[in-house]
Each structure stands twice: as C-alpha cells, then as structure tokens.
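Encoded as structure tokens, the structure appears first; notes follow it.
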Amino acid sequence: MMPKDFRDFLSILEAQNELVRFSEEISPEPDIGAMGRATCDMEMNGGGPALLCENVAGYKIPLAFCLHASNRRVALSLGMDKKTPLLDLFREFTRRWDKYPVQPVAVDNAPCQEVVKKGSQIDLTEFPIVRWNTGDGGPYVCKNAIITKDPETGQQNAGLYRMQLKDKARICVPFIPAHDIGRHYQKAQAMGLKEIEIAVALGNDPTLNIAACSPIPPEWDEFGFAGALRGAPLSMTRGATVDLMVPATSEIIIEGKITIGKTHIEGPFGEFPGYYSDLRRTPELEVTSVTHRRNPIFEGLYIGLPLTECDWLSQLANSVSVLRQAKQLAPELESFNLASSWVLVGIASMRKRYAGQDKKVMNAILATPHASYGMKLLIMVDHDVDPFNLDQVMWALATRFNPATGVTFINEATMNPLDPIAPGKAYGTKMVLNAT
C-alpha cells in the first residue's frame, strides 16, 4: 500500500511492526541521539525499528526519526513488500525513475496551513530540534525538503540539507555552489538581487524525502519525481509568506528569506562519513512564517558513523542516477550500487565482450555528476556478480582481481568535500579496482 502522506506512513510502519512508540518522558540530549545510534546499529545486526517519541522533555510536539533507516522501510515507503530484496528494489526504482514526470496538483485549504504563525508568534524552539551527536555545534534539522526557485526560470527545486537552529526565528542553511540551492543563490547574486525566498517542508510524504536527496537531472524537478515514485501527483499549495509552492500534506512548513551575503557561524556537525565537519560561515534563513497541521509531528534524522538513515534513504536514488546516466554512453553496464554500507564506494557490474571495454564503462561512470562528486573507489565486476550482494563482490575481488593489472588511479579528481582525506579541498585521487 502506497502511503498517502507522512501520518499514513507512520500508520503503515506501525501495522508492519516497524515502529516503536515511547510514551514515557525522554531527555532530548543525549537520549534522542543515542536512540538513533542504537536503532541504526540494531539494523546492521538484524533489525532496528523506526522511533516515535511522544513525550520529549521540554516539548509538546512528538518526534519521529529513523523512518527510512532500513531497506524494509524504504520498500514500505514505496508501497512495496518490506521483504523485497535490494536488487528488486533497485529494479523497481529504476522503472519508476523512467515514469518521470508525474507533476503535482495545486490545492487550497491545505493541511500544512491549518495553523499559521507570523511575527512574534514564530518560535522554532517549540519543535524538538535536538543535538544528534555530542560534538555537534547546536541543534540541527536534518530531514527536510528545502524549496527554492531559479530566479531566472522560476523552476522550483527541493533538496535535503542540514540546518542549525540559532534562535526562535533564525536558522543556518549550509550549502555549496554545486547544489541547486547554491546555483540559485549565485544567480540571484549575479542578478543584483538582495535575497532569495525559501520554504522548508518537514514531516513529508516519504517519497518527497527520497526525491529531495536524489541526484536527478538538473532539468527535472523533485515534485514531479516524487509523483513518479508514488505513482500519483503530490498536492501543493501556495506558501503563506513566500512566492513558492509547498507540499500540502506536510506536517510543518518554515518560510523565510536568505539575505545575499549575510552569513553566520555554523558547525561542527557529525557528518555521514562518520567524522565531524569544521566550523564555517553559512547563509542564514530569517523566518517569516511557520505553518503546520493541528497537533503536528516533527520528523528528525540521525546522522553519524555509517550506517545511519541517510545511507538507506539515498542509496537507491544515488545508484539509479549513475546507472541511467552512464548507460547512455556504456549500454553494457548492467547494474550499479553506490553502496550505502561502504561510504564513497561504487560497485558496477557489466557484460564484458572485449578487452578494454571495462575502461569505457569506468569512464562513463566517472563522467556522471554524482559519481564524479560522491565516489572515491569504484569496483568493477562481471554481470554474474550482484553488486548489491557484498559477499559476492568480495568473492569477485578475491578470485578475479589482479593487483598487477587491475588498479587505475585518477589523480586531481573532484571529491566530496566531506571526505576526511580532502577536507575543504574537494579534490584528490580516485581508485578503480577491476575484477572483471
């Protein structure tokens, strides 16, 4: 059954014994972060549940987290059986990728605007925004869809970016120029604009969260992609104080503006590779309104040493994105796994027919935007090896990989700026291991 919205997803998880509710009072720090860490560790060792804390000390609003922190719950978020094997999930995700777009529909009287707060009514501290790891520089919002639009074309974008809470009406939004929001910011700056508008959607339809962290082609929009994933259009409504369309069924919408050139210190933050980021100056969102459902539920996301929720949330989208783009140049590429459990590692299976063909596939993969940015090590295997079965991959490396001839280095390549071997530089050396 395809979830209708965030609340329906919670109901489905509970019915499938994938959600644990806590009614007793729970301390926001360090208990919430420790619970996120524990359930992710449990998942790596046989199974950990999603969590709903109904009584977070100091808050009246419940906190749900780790909702996508397993392949089972990713399958349920896509309306599939939770026992669906990962390779079959990949194939179905690929099929839905090819259904793009299913464009959203506009509605009035949206649930996300049942309560509207402006001016002195705005208070972000009423939401259970917590410090997820003890070394974090403050409380963070981590699971969201941050909506901006291109100042030239008007096309909207939704991305998932962490946000550090500063006070009741200010929150830092770190991003880099390569992100769509970064391009919108730079365009606005070049056009002489003084600010850009932003809406932050929280407690979203589960397919929108997947879409928001998907490296889709730049001409696509995440709302049409979420519609393709769910097989039906999302409902959108006009923002209360910004000229943006926002998801109508989300639990909470934070609206505001970023002043071009105005920054604030942000960080450190426990990042997905398992290391803390440094302090840096990032743009700051000044909130103009907060709208939400009656009795809203806040959704958080624990990030830290892999595996955590972001790894399961993004694996299918990252993998299918690279496959679809690389196959245009190398149709012999069979499957690709940007492995959630091996951070910054990609595994490609191919049908090799002649000597040197692996180099063609390698170059096609490395030319894709996400692999060139988010992958440091590429492992090449034959078509009879399932790249989502890491035992099979290790067997191929043990029996088919020749260290004398099977290693390729690519120097001075683009790297993920969060890679701890290249902090702040975003370039370094990539390696390819050929086990074909």
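Below is a table of values for the structure above.
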| read-out | value |
| --- | --- |
| Hits in the stretch 266-306 (condition: under 16 Å from Phe175 (Cα atoms) and either free of Cβ contacts under 8 Å to residues at least 60 places away in the same chain or touching a helix residue (DSSP H, G or I) at 6+ places or on another chain (Cβ under 8 Å) (or both)) | Phe272, Arg281, Pro283 |
| Where Gly192 falls short, out of the listed (1) within 19 Å of Ile252 (Cα to Cα); (2) loosely packed, with under 15 Cβ neighbours inside 10 Å; (3) of a type in the set (Gly, Ala, Ser) | (1) |
| Only listed residue being of a type outside the set (Val, Ile, Thr) and surrounded by fewer than 22 Cβ atoms within 10 Å (Cβ to Cβ), chosen from Ser349, Ser372 | Ser372 |
| One residue from Thr148, Thr134 being buried (at least 21 other Cβ atoms within 10 Å of the Cβ) and among the polar types (S, T, N, Q) | Thr148 |
| Subset of the stretch 2-17 (residues that are closer than 18 Å to Pro233 by Cβ and touching a residue at least 12 places away in the same chain (Cβ under 8 Å)) | Met2, Pro3, Lys4, Asp5, Phe6, Phe9 |
| Lys83 vs. criteria within 18 Å of Arg230 (Cβ to Cβ) and loosely packed, with under 14 Cβ neighbours inside 10 Å | no |
| Test for Gly154: is it in contact (Cβ under 8 Å) with a residue 12 or more places away in the chain, out of contact with any strand residue (DSSP E or B) (no Cβ under 6 Å at 6 or more places or on another chain) and of a type in the set (Gly, Ala, Ser) | no |
| Cβ pairs under 6 Å, 6+ apart, first in the stretch 348-362 and without any contact (Cβ under 8 Å) to a residue 60 or more places away in the chain, second among the acidic types (Asp, Glu) | Ser349/Glu334; Arg351/Glu332; Arg351/Glu334 |
| Strands (runs of 3 or more DSSP E) enclosed by the stretch 233-299 - at least 2 residues per element that are under 17 Å from Leu165 (Cβ atoms) | 252-266, 280-292 |
| Residue that is surrounded by the fewest Cβ atoms within 10 Å (Cβ to Cβ) [pool: residues in the stretch 38-77 that are among the hydroxyl-bearing types (Ser, Thr, Tyr) and part of a loop (DSSP other than H, G, I, E, B)] | Tyr59 |
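None of the figures in this text is laboratory data; all of them are computed from the coordinates on show. Bear in mind the structure is a predicted one, so any value in this text is a computation, not a measurement. Don't worry about glycine lacking a Cβ; one is built from the backbone with ideal geometry, like all the others, and counts go over all protein chains shown.
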